[in-house]
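**Q** The structure is given below, and queries will be raised subsequently.
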Amino acid sequence: MNNTLPLLGTELIELRHALHRAPELSGQEEATSALIAGWMEEAGAEVVTGLGGHGLAAIFRGAAPGPRVMLRCELDALPIDEVPRGDWSSCHQHVGHLCGHDGHMTWLLGVAQRLARRPVARGEVVLLFQPAEETGEGARAVVRTKAFETIKPDFLYACHNLPGRPLGEVSVRDDAFTCASRGMIVRLSGLCAHAAHPENGRSPAMAMCRIMQGLSRLPLQFADETGLAMVTLVHARLGDVAFGTAPGDAEVMATLRTESNDMMKALAEAAVSLARSEAEEDHLGIEVDWCDAFEATWNSAEANAVIRRVAAQVGQPCHELDQAHRWSEDFGVLGRECHAAMFTLGAGEALPGLHHPRYDFPDDLILPGVALFEGLVRHHLNGA
């Protein structure tokens, strides 16, 4: 495929299908990044590469000084086998764009087309194509990159498609929009023994069971606090499969989820304290590790007000969420020092959920997303 930036309409659908056919996992988005860089250069943008790995930014400048508006999308796909669809099925086994990042990239490519034809009057537009969102590492890596200092935004926006809601419906929420989450790994070490004489060893079996029960009940301690607190057990292992051996080690994995970063800190500290207490009771060694850590996404009221106004201007219905989404995003890391907001765009009530093997970003959602993002940019940068 050549690097000529396609026209709006049918050609954008073809572009989305091309991205869908060639998905790449978190941290491996080299080919996707190179393809997008070529398209952005064709559109006349200044391209900055190497942001947090394979991330890149495309910069469009107005004639007069003004604020910097950043739009962010994601490059990476998921390690999931998709159910084949049309001639745009994934070419890579066990890798698929089953979260819609192919569609999110297409939104920003559509915005680039429009900016190339009709530049903003002032300020700067930065289109950020972020790597490794699915692992929670991408945004942190981007902000650690020295080049990010030169493109830090005044206003930052992102959108995620949302199956289960009417096609094209905008959903917003002030304050917490998506939850903080992190994976907890508890490793217990005791002493193996012959199964005929377990008293000669130190089995972690009972401590493992108590830890699992305790973690499941832990959110009840936060019942009087504001916001969501959850612990979901995801895996447990006790020793090895050997009927002649009493186990000497065990492992418990759980996902912690809260509506705020402060609540996550408190829940994590309580979880570690519980696990250590149970291990000490049975004289076991213990190690606690963390992975897949996501901060909460916290929306700026000022940025949210712009989303509502633009949605009304382009004729998209706007739904006010009564609670934060339980899923997690690393967008909040990018928006720490600016007016930032994430919103969702309904992908259809009959569409399978995100990360489902049959999910596929709806092509009918491409132009509504482009119109919303362009409207956000022009709200900030087309006036005096």
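**Q** Somewhere in the stretch 264-279, is a residue of a type outside the set (S, T, N, Q), part of a strand (DSSP E or B) and in contact (Cβ under 8 Å) with a residue 60 or more places away in the chain?
**A** First pass over the stretch 264-279, keeping only residues of a type outside the set (S, T, N, Q): 264-272, 274-276, 278-279.
Narrowing the set further to residues that are part of a strand (DSSP E or B) leaves none.
Scanning the stretch 264-279 turns up no residue that is of a type outside the set (S, T, N, Q), part of a strand (DSSP E or B) and in contact (Cβ under 8 Å) with a residue 60 or more places away in the chain.
**Q** Let me ask something additional. Can you confirm whether the stretch 303-322 contains a residue that is within 18 Å of the chain's Cα centre (by Cα) and open to solvent by 70 Å² or more (accessible area, probe 1.4 Å)? Please lay out each step first, then the result.
**A** First, pick out the residues of the stretch 303-322 that are within 18 Å of the chain's Cα centre (by Cα): none.
No, there is no match, as no residue in the stretch 303-322 is within 18 Å of the chain's Cα centre (by Cα) and open to solvent by 70 Å² or more (accessible area, probe 1.4 Å).
**Q** How do the pairs read when you match residues in the stretch 335-349 that are closer than 26 Å to D364 by Cα with residues anywhere that are of a type in the set (S, T, N, Q), using Cβ under 6 Å and keeping only pairs 6 or more apart or on different chains?
**A** Close Cβ pairs (under 6 Å, with a partner that is of a type in the set (S, T, N, Q)) amount to A341/N299; A341/S300; A341/N304; M342/T297; T344/S171; L345/N161; A347/N161.
Okay, residues lined up against (1) β-branched (V, I, T); (2) open to solvent by 20 Å² or more (accessible area, probe 1.4 Å); (3) in contact (Cβ under 8 Å) with a residue 40 or more places away in the chain:
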{"site": "E149", "(1), (2), (3)": "no, yes, no"}
{"site": "D154", "(1), (2), (3)": "no, yes, yes"}
{"site": "C159", "(1), (2), (3)": "no, no, yes"}
{"site": "C179", "(1), (2), (3)": "no, no, yes"}
{"site": "G183", "(1), (2), (3)": "no, no, yes"}
{"site": "L188", "(1), (2), (3)": "no, no, yes"}
{"site": "C192", "(1), (2), (3)": "no, yes, yes"}
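**Q** Somewhere in the stretch 91-114, is a residue among the basic types (K, R), open to solvent by 10 Å² or more (accessible area, probe 1.4 Å), closer than 29 Å to A43 by Cα and out of contact with any Asp or Glu (no Cβ under 6 Å at 6 or more places or on another chain)? Lay out the reasoning, then the answer.
**A** Initial filter on the stretch 91-114 (among the basic types (K, R)): 114.
Keeping just the survivors that are open to solvent by 10 Å² or more (accessible area, probe 1.4 Å) gives 114.
Right, trim to closer than 29 Å to A43 by Cα and you get 114.
So of that shortlist, the ones also out of contact with any Asp or Glu (no Cβ under 6 Å at 6 or more places or on another chain) come out as none.
The answer is no, given that none of the residues of the stretch 91-114 is among the basic types (K, R), open to solvent by 10 Å² or more (accessible area, probe 1.4 Å), closer than 29 Å to A43 by Cα and out of contact with any Asp or Glu (no Cβ under 6 Å at 6 or more places or on another chain).
**Q** Hey, A121 hits all of (1) buried (at least 16 other Cβ atoms within 10 Å of the Cβ); (2) out of contact with any Ser or Thr (no Cβ under 6 Å at 6 or more places or on another chain) but one; which does it fall short on?
**A** Just one mismatch for A121, condition (1).
**Q** Still on this model: Starting from residues that are within 19 Å of the chain's Cα centre (by Cα) and more than 30 Å from L376 (Cβ to Cβ), keep the ones in the stretch 255-302 and report whichever is most open to solvent (accessible area, probe 1.4 Å).
**A** Step one: of the stretch 255-302, the residues within 19 Å of the chain's Cα centre (by Cα) are 255-261, 264, 290-300.
Applying the additional criterion that residues be more than 30 Å from L376 (Cβ to Cβ) yields 255-256, 290-291.
Numbers: T255: 33, L256: 0, W290: 94, C291: 57 Å².
Among those residues, the one meeting the criterion is W290.
**Q** For the stretch 303-359, how many residues are part of a loop (DSSP other than H, G, I, E, B) and not aromatic (F, W, Y)? Walk me through it before giving the result.
**A** Of all residues in the stretch 303-359, those part of a loop (DSSP other than H, G, I, E, B) come to 314-317, 321-324, 326-330, 335-338, 347-359.
Then drop every residue that is not not aromatic (F, W, Y), which leaves 314-317, 321-324, 326, 328-330, 335-338, 347-358.
Summing the residues that are part of a loop (DSSP other than H, G, I, E, B) and not aromatic (F, W, Y) in the stretch 303-359 gives 28.
**Q** Turning to a different aspect of this structure: Please enumerate the residues belonging to the stretch 195-215 that are surrounded by fewer than 20 Cβ atoms within 10 Å (Cβ to Cβ) and touching a helix residue (DSSP H, G or I) at 6+ places or on another chain (Cβ under 7 Å). Let's see the steps before the verdict.
**A** Here is the first cut: in the stretch 195-215, the ones surrounded by fewer than 20 Cβ atoms within 10 Å (Cβ to Cβ) are 195-201, 205-206, 209-210, 212-214.
Matches in the stretch 195-215: R210, G214.
**Q** Only residues that are farther than 17 Å from S328 by Cα and small (G, A, S): list them for the stretch 214-258, please.
**A** If the condition is that a residue be farther than 17 Å from S328 by Cα and small (G, A, S), then G214, S216, A223, A236, G239, A242, G244, A246, G248, A250 are the ones that fit.
**Q** In the stretch 95-125, how many residues are touching a residue at least 24 places away in the same chain (Cβ under 8 Å) and farther than 30 Å from V83 by Cβ? Before you say what the answer is, go through the steps one by one.
**A** Of all residues in the stretch 95-125, those touching a residue at least 24 places away in the same chain (Cβ under 8 Å) come to 95-116, 119-125.
With farther than 30 Å from V83 by Cβ added as a condition, the list becomes 111-116, 119-125.
Total satisfying the criteria: 13.
**Q** If you don't mind, there's one more thing I want to ask. Can you name every residue in the stretch 157-166 that is touching a helix residue (DSSP H, G or I) at 6+ places or on another chain (Cβ under 6 Å) and of a type in the set (A, V, I, L, M, F, W, C)?
**A** Answer for the stretch 157-166, where residues must be touching a helix residue (DSSP H, G or I) at 6+ places or on another chain (Cβ under 6 Å) and of a type in the set (A, V, I, L, M, F, W, C): just A158.
**Q** OK, next. May I ask you to verify whether L274 is touching a helix residue (DSSP H, G or I) at 6+ places or on another chain (Cβ under 8 Å) and under 15 Å from L233 (Cα atoms)? Reasoning before the result, please.
**A** On the way: touching a helix residue (DSSP H, G or I) at 6+ places or on another chain (Cβ under 8 Å): yes; under 15 Å from L233 (Cα atoms): yes.
Criteria met by L274.
**Q** If a residue has to be open to solvent by less than 50 Å² (accessible area, probe 1.4 Å), outside any strand (DSSP E or B) and in contact with a helix residue (DSSP H, G or I) (Cβ under 9 Å, 6 or more places away or on another chain) to count, how many in the stretch 30-52 make the cut? Before the answer, list the steps.
**A** Let us first name the residues in the stretch 30-52 that are open to solvent by less than 50 Å² (accessible area, probe 1.4 Å), namely 32-33, 35-40, 43, 45, 47-48, 50-52.
Add one more test, that the residue is outside any strand (DSSP E or B), and what stays is 32-33, 35-40, 43, 45, 52.
Cutting the leftovers down to in contact with a helix residue (DSSP H, G or I) (Cβ under 9 Å, 6 or more places away or on another chain) gives us 32, 35-36, 39-40, 43, 45, 52.
Final tally of qualifying residues: 8.
The values are calculated or read from the model by the stated rules, or taken from the named source; none is laboratory data. These figures come from a predicted structure and were not determined experimentally. Every residue, glycine as well, gets a Cβ built from its backbone with ideal geometry; the counts of neighbours run over all protein chains shown. To get the accessible areas, we keep the full protein, side chains included, count just its heavy atoms, and leave off ligands, DNA and RNA. Shrake-Rupley method; radii C 1.70, N 1.55, O 1.52, S 1.80 Å.
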